[in-house]
1. One-quarter of the Cα convex hull surface for segment 1-133, in nm²?
2. If I take R0 = 25 Å and measure r between the Cβ atoms of L51 and N19 in this structure, what FRET efficiency does the formula 1/(1 + (r/R0)^6) give, to the nearest 0.05?
3. Arrange the peptides 65-71, 201-207 so that the one whose residues have, on average, the most other Cβ atoms within 10 Å appears first.
4. Over the Cα atoms of segment 68-135, each weighted equally, I'd like the Debye log10 I(q)/I(0) at q = 0.13, 0.24 Å⁻¹, rounded to two decimals.
Amino acid sequence: MNDSKELFDYWHQQVRLKNRETVAAPGHVDTPTLRHTCTNYDTLRTQPEVLRLEEPQRSRVIAVIKYECTAQVLQRRAGILKDRVADLQSTTHDLEQDKTKFKQLIRALQEIIFGKDQDIQKLQNRISILEAENEALVAEAEGSKAYTELLKAFEALKRDYQKVAKRRQELAKNNQSLGGRVAHTNRFRNQRDAARAAVAELRQQLAQTATENQRLRQENKTLQSELARLR
């Protein structure tokens, strides 16, 4: 095999690769290690057909074997590493897409949470308004009823006074014949009795008003408890 191309082609076909783990190992692996552990270089260079050759032909053949083993193992390693780079690039691209999706999802969740916070704040504001309106209505109701009760008490006192005045007139007519002292005593007694009756009536009206106010306060507490439960 004196033709160089024929020589290179022959030994190219004799090369066998092995130890793929070392060929595909990450990081730096020196060329002699790849050649000796990942090819059949040592076997090829010590074959009888090589050892029978005379120098310098034998050295030339060993150099060709060395070149072919080194070239093929380096080519295989380059291909594996290139595929790994492509896989890493694809994985990185997928991760970037996932990252973008996660960012969009986080933004959507933040918008939902922020919207919920706004809804909660609106509800709290509405509850505050309802509480204020309730307090105003309760105060208005208490004031209105209290005023109504006072008017009733005043009307009752007015009627009692009219009754007393009428009774005094009747007593005055019926007792015109009595002496001044007896008439004076009767008038005083009648006035006293009328005043006592008026005071008793007023006390009764005030007691009724106090009872009604107490009932309104209890109703207000019940409404406030119900409102708190609804919240």
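1. 12.1
2. After rounding, the FRET efficiency stands at 0.50.
3. 65-71, 201-207
4. The Debye formula, applied to the Cα set alone, gives -0.66, -0.96.
A short reminder: the numbers here are calculations on the coordinates, not readings from a lab. A quick note: this is a predicted structure, and the numbers were derived from the prediction, not measured. A quick note on method: Cβ atoms are made from the backbone with ideal geometry, for glycine too, and the neighbour counts reach across all protein chains shown.
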